[in-house]
Each structure stands twice: as structure tokens, then as C-alpha cells.
1. Check residue B:31: other-chain or 5+ apart residues with amide H under 5 Å from its amide H, H built from backbone geometry?
2. Taking only the C-alpha atoms, wrap a convex hull around region A:9-117 and report its volume per residue in Å³ as a whole number.
3. Going by average Cβ density within 10 Å per residue, which order do the peptides A:26-39, A:45-58 take, highest to lowest?
4. Run the quick spin-label model on residue A:28 and residue B:1: label points 7 Å from Cα toward the beta carbon, then report their separation in nm to one decimal.
5. So, by mean Cβ neighbours within 10 angstrom, what's the order for A:67-79, A:83-95 with the highest one leading?
6. Of all trypsin sites (Lys or Arg not before Pro) in chain B, which ones are in loop regions per DSSP and have a Cβ with at most 16 other Cβ atoms within 10 Å?
7. What number, rounded to the nearest 500 deg cm²/dmol, is the helix-based mean residue ellipticity at 222 nm of chain B, given -39500 (n - 2.57) per DSSP H run of at least four residues and division by all its residues?
8. If you split all Cα-Cα distances of the protein assembly as shown into 5 Å bins from zero, what percentages do you get per bin, shortest first?
Amino acid sequence: MSEYGEFPLWAAIAVAFFILLGSSLALIGTIGFAQLNSFYERLHAPTLGTSWGTGGIVMASIIYFSVSEGRFAFHEIFIGIFMTVTTPVSLMLLGRAALYRDRTEQNTEVRNSLDDEQP
Amino acid sequence: MSSIILFWSISLAQLFLAIAMGISVSRIARGPRAQDRVLGLDTLYVCAMLLLLTFAIRTGNVLYFEAALVIAILGFVSTVALSKFLMRGEVIE
């Protein structure tokens, strides 16, 4: 933490704002993931951390490395693009798997109840 | 002044992300069904990747970004493989 001495104040405030925004959004999304009731509601909560949590922290690191190195540093953008592209794919696959499992189990439950009703 | 702002904001962000990782681990432990545990693993690796990004800002080292990118890629592949396994019962058809 010793090279922060000549870091300008406006950049420090911008980095602090974006990193606190990203981490608190990730925390809020995870709290919602722990608190919500059904699985299909819980599926939406962590996307708060993957969309604006990742965006805020990536933007903070872009500002920090651009100011401290004196040139435009854009190597963090790859992480942001990758998370934006892959999160809907993985969550859609997971939601379809959960829907398939729920339908299969409900069908077996319905069949079992019908079997119980028939003498 | 700027060093104090950066130090406390990054420490608070790391505390938030550590709490988020703990909450997702608790959801993995008590999740009622298998898809809740897979979603908890997904949330856990996203929070770990964000924690590595904050470590990169804290130390000024660029090598943490490669580690974060590797975590993101492996987490995406593992989530897709586990979802395929939950849906079909096998990963490669």
C-alpha cells in the first residue's frame, strides 16, 4: 500500500465508489439468493452480482490501472465481456434442467396418487 | 488522503465479498435440492473471481487477472456440465 502516495484524489474517489458499488451489489444478490423461497426466484438473485457487480469492479480496476500506469488499460474488459456472455447461457441451462426435473417428479407424484386412489 | 480512501474502500469491498462467499457456501450446505447447490457453486465462483479482482487492485499486480479469467472459464464450463448432468443423467451424449 505504499505506491498510493501520488495517486490523484478524484481517481481514488471514483475507484472507491465503483468498487463499493460492485461489491455491495454482489452482497445484496447473494443475500437475496439465501432468502428467497422457491428455486425459480432464487435463480434471478445472483445475476445482480454477475451483471453490475462485475461491471462495477471491472470499471474500478480499469480506472485504477489507467491512472497508475499512465495509459489506457483495457485487459479487464475481457472478464466483463465473458461474464456478460456466459451468465445467461449457464443460468438458462440450469433453469431448464430444474424445470425438467420438476416436471418429471410431478408426473410420478400424479401417477402415484392415481395409483393410490384406484382400488 | 487518497491512500486512506483506497485502503478502506478495498478492505470493505473484500469484507462484503467474503460475506457473500460465506452465504453461498451456506446455501450449498443446506440447499433443498441439487439445482440449488449447483446455483450456489455458480454464485461462489463469481464472488471468488470478484475477490481476485479486488486483490489485483490492492496489490497493483496484473497477474491476478489471468487467475480471475481462469476461474470464470472453469466455472462456466462446470456449471454447464452440471446442468447437463442434472437434465440428462450424463454429460456427453
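No value in this document is a laboratory result; all are computed from the given coordinates. Keep in mind that what you see is a predicted model, and the values were worked out from it rather than measured. Glycine gets a Cβ as well: all are built from the backbone with ideal geometry, and neighbour counts include every protein chain shown.
1. Hits under the 5 Å cutoff: none.
2. Considering the Cα atoms of region A:9-117, their hull volume per residue is 75 Å³.
3. Taking the mean over residues of other Cβ atoms within 10 Å, the ranking is A:45-58, A:26-39.
4. With each label placed 7 Å out from Cα toward Cβ, I get 2.9 nm.
5. A:83-95, A:67-79
6. Filter output for chain B: B:33.
7. Roughly -31000 deg cm²/dmol at 222 nm, from the helical runs in chain B.
8. 1, 7, 15, 17, 16, 12, 9, 7, 5, 3, 2, 1, 1, 1, 0, 0, 0
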